[in-house]
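Chemist: Can you keep this structure in mind? I'll have questions shortly.
Taken together, the values in this text are just the output of simple stated rules run on the coordinates, not laboratory data. All values reported here derive from a predicted model rather than from experimental measurement. Backbone-built Cβ (ideal geometry, glycine too); neighbour counts: all protein chains shown.
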Amino acid sequence: MVGGDGGWAVLYGNDPINEKIYLAIDEESVESDRWHVKERVSYWVFEKMPVMAISKSSCVIDDPVNDTSNPKRIPGATIRYAIEVNNTGPGAAVDAKAEDNLSQMLDAATITKPKVLAGGCGDCKSLSGGGESGEVNGSAVTVDFGTVDAGSSTTPTQECGYFDVEIK
């Protein structure tokens, strides 16, 4: 503001913030003696951000002695790792990935390609289906969740990634 008169920046239009910001100046006073040398307008734009939480669990789904009835963590047993992500924020998480480096006690050659399910992990042993999404590079596993939609603290958006590997 220069002089005794000034203005107030306001957003206008049906969609004032998209690829452009549509501003107008609401003049404090409209008099014939109004004059401007320069006026500055500042604004902040906040993006809706995701709020992510991640958890990892494992279960034994098979072993060479007990099969699937009461499997134990022994050499040759198959372990299932389940990685669950939750988005409780107002914005989507784009290109969400979880990376894990597995122990040398596991046989990297037996790692299955990760799969992703919507709706959370639930019971580790009963996980099935889902689309393959991620990669295995030696003992490093990347689960690719893609876009995890916005959620809330009471109804988070949940995704589950899982893969299997054998104990050496």
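Chemist: How would 63, 123 line up from fewest to most surrounding beta-carbon atoms within 10 angstrom?
Modeler: Listing 63, 123 from fewest to most nearby Cβ atoms yields 123, 63.
Chemist: Which pairs break 24 Å Cα to Cα here: 56/115; 48/115; 97/168; 56/125; 48/113?
Modeler: Table pairs above 24 Å Cα-Cα are 48/115; 97/168; 48/113.
Chemist: List the equivalent ellipsoid semi-axes of the chain in whole Å, largest first, each obtained as the square root of 5λ for an eigenvalue λ of the Cα gyration tensor.
Modeler: With the √(5λ) rule applied to the chain, the semi-axes are 58, 15, 11 Å.
Chemist: Quote to one decimal, in nm, the extra length available between residue 66 and residue 97 on full extension: 0.36 nm per residue of separation minus the C-alpha distance between them.
Modeler: Result: 7.7 nm gained on full extension.
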